[in-house]
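Enquirer: Okay, here's the structure, questions in a sec.
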């Protein structure tokens with residue numbers, strides 16, 4: 001088993017409950033890790049035997065920038081669903097950060113973390 005991780009991908013999207021977030025949008029930071037059997041890639045040294053981080057990045061980019069959700073929990077769930085549909089990991093971990101979230105107070109970022117296995121996703125794919 002091995003893990004591939006894409007750390008601190010940054011996108012501009014329109015997710016949130018506040019009206020200003022829907023109109024002006026904001027910055028979203030995403031960490032994504034996939035666990036899967038890397039043995040075929042280790043033996044062959046061929047891209048076709050692994051999960052392409054270029055393709056993963058593009059998938060996350062497309063979901064964050066082309067969809068709109070009230071909750072970053074829903075956004076994280078959508079990304080996980082899409083990754084399981086397009087790739088073959090055993091499990092996925094995602095963290096989405098929303099810097100500058102509209103909170104009446106001082107904070108650095110709001111973040112949501114989800115982890116799902118392929119078994120947990122059976123029936124929802």
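Throughout, read-outs are computed from the coordinates displayed, never taken from laboratory work. Quick caveat, the model's predicted, so the values are computed rather than measured. No Cβ is skipped: glycine too gets one built from the backbone with ideal geometry, and neighbour counts run over all protein chains shown.
Enquirer: Counting other beta carbons within 10 Å of each Cβ, put 114, 24 in order, fewest first.
Expert: Arranged by neighbour count, lowest to highest, 114, 24 become 24, 114.
Enquirer: Fewest first, what order do 12, 93 take by the number of other Cβ atoms within 10 Å?
Expert: 12, 93
Enquirer: Rounding to the nearest 10 and keeping the result within 0 to 90°, find how far the Cα-based axis of helix 72-86 lies from the longest principal axis of the chain.
Expert: The angle comes out at about 20 degrees.
Enquirer: Then there's this: What does the helix-only formula give at 222 nm for the chain: each DSSP H stretch with n ≥ 4 adding -39500 (n - 2.57), the total divided by the residues, and the result rounded to the nearest 500 deg cm²/dmol? Could you put the intermediate results ahead of the total?
Expert: Numbers: 5 runs with 45 residues, N = 125.
It lands at -10000 deg cm²/dmol.
Enquirer: In addition: Quickly rank 44-53, 26-35 as a protection proxy: mean count of other C-beta atoms within 10 Å, highest first. The partial results should precede the final answer.
Expert: On the way: 44-53: 12.3, 26-35: 18.9.
The peptides rank, most packed first, as 26-35, 44-53.
Enquirer: Could you work out how far helix 53-66 tilts from the main Cα principal axis of the chain, as a 0 to 90 degree angle to the nearest 10?
Expert: 30 degrees
Enquirer: What is the extension gain from residue 48 to residue 3, computed as 0.36 nm multiplied by their sequence separation minus the C-alpha to C-alpha distance, in nm to one decimal? All intermediate terms of the calculation are to be shown ahead of the outcome.
Expert: Details: separation 45, 0.36 × 45 = 16.20 nm, distance 1.64 nm.
Roughly 14.6 nm would be gained on extension.
Enquirer: Moving on. Could you pull out which residues in the range 1-34 have an amide N less than 14 Å from a spot 7 Å beyond the Cα of residue 68, following the Cα-Cβ vector?
Expert: 13-26
Enquirer: Which of 43, 68, 22 ends up with the largest GNM mean-square fluctuation for the chain, with Cα atoms connected below 10 Å?
Expert: Looking only at 43, 68, 22, the biggest GNM fluctuation is shown by 43.
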